[in-house]
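Have a look at the structure below before the remarks.
What follows draws every value from the coordinates through simple rules; no lab data is involved. Since this is a predicted model, take the numbers as computed values, not measurements. Note that we place each Cβ from the backbone using ideal geometry, even for glycine, and neighbour counts take in every protein chain shown.
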Amino acid sequence: MSALADQKRLAAEAMLSALPVPMEEAAWAHDVRAKARARLLDQGAPVRRDEYWKYTDPSKLSAPLALAGAAAGQPMSSEAFGGRPDAWFVNGRLRADLATPSAADGVAISTFAEVVKQDISIAREIFGVLEVAGQEKVMRPLAILNTATATDGLVIQAHGNAGRIHLHSDQIGDGASILRHLIRVEAGAELTLLESGSCSNAVMEVDVAEGGAFHHIRLQIGTRTPSASHIFARLHASSQFKTFTLSADGDLTRNEVVFDLVGEEASGHVAGAVLAQAKSHIDNTVFVTHSAAHCESRQVFKSVLAGQAKSVFQGKIFVRNSAQKTDGYQISQSVLLNEGAEFLAKPELEIYADDVACSHGSTTGALDPTAMFYLRSRGVPKAEAEAMLIAAFADEAIEEIADEELGDLMRDEVARWMASRT
Amino acid sequence: MLKIENLSVKLEEEDKQILNGLTLEVPAGKVHAIMGPNGSGKSTLSYVLAGRDGYEVTGGSATLNGEDVLDIDPEERAASGLFLAFQYPVEIPGVGNMTFLRTAVNSQRKARGEDEISAPDFLKLVRSKAKDLNIDMDMLKRPVNVGFSGGEKKRNEILQMAVLEPSMCILDETDSGLDVDAMKLVADGVNALRAEDRGFLVITHYQRLLDHIKPDVVHILANGRIVETGGPDLAMKVETEGYADILKDVA
């Protein structure tokens, strides 16, 4: 075994041994957990020398951490999305005293901690299954760690128009919070999931059945602890999947979105707005697989960077030879408000079908000086002119959100960030 | 009103002198035209007055109502009444025309210590000015100048001028890229703004715009300074004889 493989395996062992082995779960879940432990030891922890971690140092994310204490105090109130969350997790555990997830028309809700004790088919069909599928071309060890050790999370089955569900999680003090969310949108059903707060390691598996629609809007504001998130989605025929994340500052955030278009005429969109100053580091890594023909995918990422902030975008479109007539699009752009801020982009296409339209582009630069002068020549002060141009720039990502009202909430966040910028 | 004295300007990036001791005064209520061949410094003059980056004033002064304009930010110049109608109006994707215009009006009012205009009053104001210029309100809902035709862009410049009501208007080649009908529309818009307390500096390459916007005084700019000044007949002379002959006479 090479020295690097040794180092990776030792680091994986350290991560696993810092965390408790989940107990008293159903046999099937026990099996998923055991296999995940074996897979993680086989793959090893991520290290800087891994190509996939070239721009983001994973050492803080793969440091061995015990679970954060469950007895930690009262979390701050959540103002995100202008209302009280439907499900509230603190340090990796549901806090039923803060919010009780309840079933409504068109939706069944339970928790991950509950379903792994039972024999529930949607949990068995999703948990670990989509994550394993998402390891095909690139290893994602932090997601494997999550499969092996996650303590709780939200389990949602939408079988009609489920409306909006707001999921919030807090991370208080040191230690690991490991949440696993399982979501199934049944045929023709629709669900909007709002997500806020922070969690050191969160994985969401989303299965969207034929003609279903899943919308996901996530707010990451000033996340103080290193955070890794993964979304693994499987999109069946004519389904729709749209995820948008606004990340404002944050010590170290890595968001991976991995989805596979497995049924024809499916559509998957992933968008993000990054607003970062000081020494913030935000990484958006996307992997889109086109397995079926006539599908469409879009990736739209916009970064506004100040101070010594760093934004990373790694986006890949992988088209299997079965996926003729694929329409794949990717754009990542950044505005650097000063020297010292950095944008690192790695767009990738890997295409095995011959009749596809795939495009990608990436730009980086300062605010357009001509536009700045035009605005100022009409009397708009410099700071306000900057704010107008930045809002317009970020808007191209926010416009990916289908719901106008939610889009406006994101616009408010951009304005707030601009106003608070030091 | 606008007084430019012995103004010398060079490009910041390269050691290239563009204006060489330009002197000019536009009194309130008057329309002055500047004509000149390509490369004579016409656009540089307009940009330097409006405060664009990239130019270095190496000598002389420019004042508006007695106050130095070269020393203040572009937004302060605008608030003190200076307006430049751009030769190439800038497209700004994602910024709505109405938002832009209302922000501009209110920023200027705020800078002058005035109250902001109310939303209904603003809408009423823009509606009436847009109607005069034959501008569709739907066009104003679009982002600033994005997808506008050349004529629409120029009309939008004049609309901004009409709404902002500056005291000193500089028009940089406003006729470029316009057909006869569009030019007439733009000229009518400018003429409607002519007033006792407002001065105009109309920069143009051709005489034809001056058929519609009748100047009181015409200057010829060459090699960065005014080489000849006269009445409207000077523009006619340019039209019939070309710049070469006039410049030869001057030399």
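Structure notes:
- Measuring against 22 Å, Cα to Cα, the residue pairs B:154/B:248; A:137/A:316; A:35/A:60; B:131/B:184; B:129/B:184 contain B:154/B:248; A:35/A:60 as the ones spanning a longer distance.
- log₁₀ of I(q)/I(0) at q = 0.14 Å⁻¹ - the range B:3-43, Debye sum with one point per alpha carbon: -0.40
- Mean shadow area of the range A:191-245 over all directions, Cα convex hull, nm²: 3.5
- Applied to the range A:215-220, the Karplus parametrisation 6.51 cos²θ - 1.76 cosθ + 1.60 on θ = phi - 60° returns per-residue 3J(HN,Hα) values of 10, 9, 10, 10, 10, 10 Hz, with x for Gly and Pro.
- Along its principal axes, chain B has C-alpha extents of 57, 39, 35 angstrom, given from the largest down.
- Estimated 222 nm signal from helices in chain A, with DSSP H stretches of n ≥ 4 weighted -39500 (n - 2.57), rounded to 500: -7000 deg cm²/dmol
- Calculated P(r) of the range B:95-140 - Cα pairs past 11 Å, %: 67
- Calculation over all alpha carbon pairs of the range B:81-181 in 10 angstrom steps from 0 returns a P(r) of 15, 49, 32, 4, 0 percent.
- Rh by Kirkwood over Cα pairs, then Stokes-Einstein D for the range A:241-286 at 1.002 mPa s and 20 °C, µm²/s: 179
- Counts of other chain beta carbons within 10 angstrom of each beta carbon in peptide A:367-374 average 6.
- Net charge of Cβ neighbours under 9 Å - reference residue B:43; Lys, Arg +1; Asp, Glu -1: -1
- Counted over the range A:47-125 with a bin width of 10 Å, the fraction of Cα pairs per bin, in whole percents, is 13, 28, 29, 26, 4.
- The dipole here belongs to the range B:14-147: it is taken about the Cα centre, uses +1 on the Cβ of Lys and Arg and -1 on the Cβ of Asp and Glu, and is about 660 debye.
- Rh by Kirkwood over Cα pairs, then Stokes-Einstein D for the range B:123-209 at 1.567 mPa s and 4 °C, µm²/s: 97
- Karplus-derived 3J(HN,Hα) values for the range A:292-308, using 6.51 cos²θ - 1.76 cosθ + 1.60 with θ = phi - 60°, are 10, 6, 6, 9, 10, 9, 9, 10, 10, 10, 10, 10, 10, 10, 10, x, 10 Hz; glycine and proline are entered as x.
- Average beta-carbon neighbours from other chains, 10 Å sphere, peptide B:159-167: 1
- Evaluated with a Cβ-only charge set (Lys, Arg +1; Asp, Glu -1), the range A:222-312 carries a dipole of roughly 340 debye about its Cα centre, given to the nearest 20.
- Cα coordinate range in the protein assembly as shown, projected on the principal axes (Å, largest first): 101, 55, 55
- Quotient of C-alpha Rg and 2.2 N^0.38 Å, computed over the range A:288-375: 1.36
- Radius 13 Å from Cβ of residue B:16, net charge of other residues (Lys, Arg +1; Asp, Glu -1): -4
- Using alpha-carbon coordinates, inclination of helix A:3-18 to the longest axis of chain A, degrees: 70
- Between the helical axis of B:119-132 and the longest alpha-carbon principal axis of chain B there is an angle of about 50 degrees.
- The H on the amide N of residue A:227, modeled in the peptide plane, is under 5 Å from the matching H of A:252, A:253, A:254, each at least 5 residues off or on a different chain.
- Distant-in-sequence amide contacts of residue A:166, defined by a placed amide H-H separation under 5 Å and a gap of 5 or more residues or a different chain, comprise A:86, A:87, A:194.
- Counting Cβ atoms of other protein chains within 10 Å of each residue's Cβ and taking the mean over peptide B:88-101 gives 5.
- Restricting attention to chain A, close to 5% of DSSP beta bridges with both partner residues there are antiparallel.
- Helix B:97-111 axis, angle to chain B major axis (alpha carbon atoms, nearest 10°): 80
- Summing +1 for each Lys or Arg and -1 for each Asp or Glu among the other residues whose beta-carbon sits under 13 angstrom from that of residue A:24 gives 0.
- Of the residues A:230, A:177, A:66, the one whose Cα sits farthest toward the positive end of the charge dipole of the protein assembly as shown, with +1 on the Cβ of Lys and Arg and -1 on the Cβ of Asp and Glu, is A:66.
- About its Cα centre, chain A has a charge dipole of approximately 1200 debye under the convention of +1 per Lys or Arg Cβ and -1 per Asp or Glu Cβ, with nothing else charged.
- Normalised by residue number, the volume inside the convex hull of the Cα atoms of the range A:326-389 is 100 Å³ per residue.
- The simple Förster model, with R0 at 30 Å and r as the Cβ-Cβ distance, assigns residue B:58 and residue B:25 a FRET efficiency of 0.90.
- For the range A:123-207, the spread of Cα coordinates along the three principal axes comes to 39, 32, 20 Å, biggest extent given first.
- Which of B:226, B:187, B:244, positive extreme of dipole for the range B:183-245 (C-beta unit charges): B:187
- Rounded to whole numbers, the Karplus 3J(HN,Hα) couplings from phi for the range A:26-40 are 5, 4, 5, 5, 4, 5, 4, 5, 4, 5, 5, 4, 5, 5, 5 Hz, using 6.51 cos²θ - 1.76 cosθ + 1.60 with θ = phi - 60°, and x at Gly and Pro.
- Cα gyration tensor shape of the range B:4-119, rounded if a/c is under 1.5, else prolate or oblate by comparing a/b with b/c: prolate
- Amide H partners (placed H, <5 Å) of residue A:314, local residues excluded: A:284, A:285, A:286, A:346
- One quarter of the surface of the convex hull around the alpha-carbon atoms of the range A:136-256 equals 7.3 nm², the direction-averaged projected area.
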